[in-house]
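Below is one structure, written out as structure tokens, with a few remarks after it.
The values are calculated or read from the model by the stated rules, or taken from the named source; none is laboratory data. These figures come from a predicted structure and were not determined experimentally. Virtual Cβ from ideal backbone geometry, glycine too; neighbours counted across all protein chains shown.
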Amino acid sequence: MKKVLLSLLVITAFQVNAQKYLTKSGTIDFLSKAPLETIEGVNKSVAALVDAQTGSLDFIVQIKSFVFDRQLLQEHFNENYMESTKFPKATFKGNIENMKSINLTKDGEYDAITSGKLTIHGVTKDVKQKGKLLVKGGKIVLISNFSVLLADYNISIPGAVKDKISKDVKVNVKCTLDPIK
């Protein structure tokens, strides 16, 4: 009896783990295109977790991991705008609403609808966003493009540079997740 119970526990644990996908090297980039300057930042160390059984979706983004083409931009981003010492990370906790319509055992491209709570700069907002979920060779790729209004997250733009920074920042997400074994 003990062997049967232990076998069931091992099988159940394996099935639960096989239902989750993880990355610690996803990419998020953003673009601030204003009349006087275009600013781009890239973060290639985004952590993301998907629970295929429940549709749960979590992201953690370390703000200081964004890289810019000019060091001064990176310093201003961290010190003046994102205050990354005070607010070191951005997070998303939500769900893929239509997870049941996505077949993770069949390679293909699927429309995905996510909803949840996005926290940036210490401010949390309810968000709903469309994206794509690609299945290829047992891995999943999450792709989404959306805009963030800086004012919604209490990110201030000083008057001296208001023409250099867009109030609306374009965000692109691409994360390849592997099954947890």
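Among the residues of the stretch 135-156, what is the count of those that are of a type in the set (S, T, Y) and assigned to a loop (DSSP other than H, G, I, E, B)?
1
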_Going through Q71, Q62 one at a time, which residue ends up being within 25 Å of I180 (Cβ to Cβ) and of a type in the set (S, T, N, Q)?_
Q62
*Are there any strands (runs of 3 or more DSSP E) wholly within the stretch 19-68 with 3 or more residues that are polar (S, T, N, Q) and in contact (Cβ under 8 Å) with a residue 24 or more places away in the chain, and if so which?*
20-33
_Criterion: more than 16 Å from V61 (Cβ to Cβ), surrounded by 17 or more Cβ atoms within 10 Å (Cβ to Cβ) and among the aromatic types (F, W, Y) - qualifying residue of Y81, Y153, Y110_ = Y110
*If you scan the stretch 42-77, which residues turn out to be under 14 Å from K24 (Cα atoms) and of a type in the set (F, W, Y)?*
F59
*Here is a list of conditions, (1) at pLDDT below 95; (2) over 24 Å from D178 (Cβ atoms), and Q15 meets all of them except one; can you say which number that is?*
(2)
*Of the residues L72, L118, L149, which is closer than 28 Å to A34 by Cα, aliphatic (A, V, I, L, M) and without any contact (Cβ under 8 Å) to a residue 12 or more places away in the chain?*
L72
*Write out, first by first residue and then by second, each pair whose Cβ atoms fall under 8 Å of each other, whose residues are 6+ apart or on separate chains, and whose first residue, in the stretch 153-169, is over 23 Å from K86 (Cα atoms) while the second is among the acidic types (D, E).*
K164/E37
_If the requirement is being among the basic types (K, R) and assigned to a strand (DSSP E or B), which of these qualifies: K100, K132, K106?_
K132
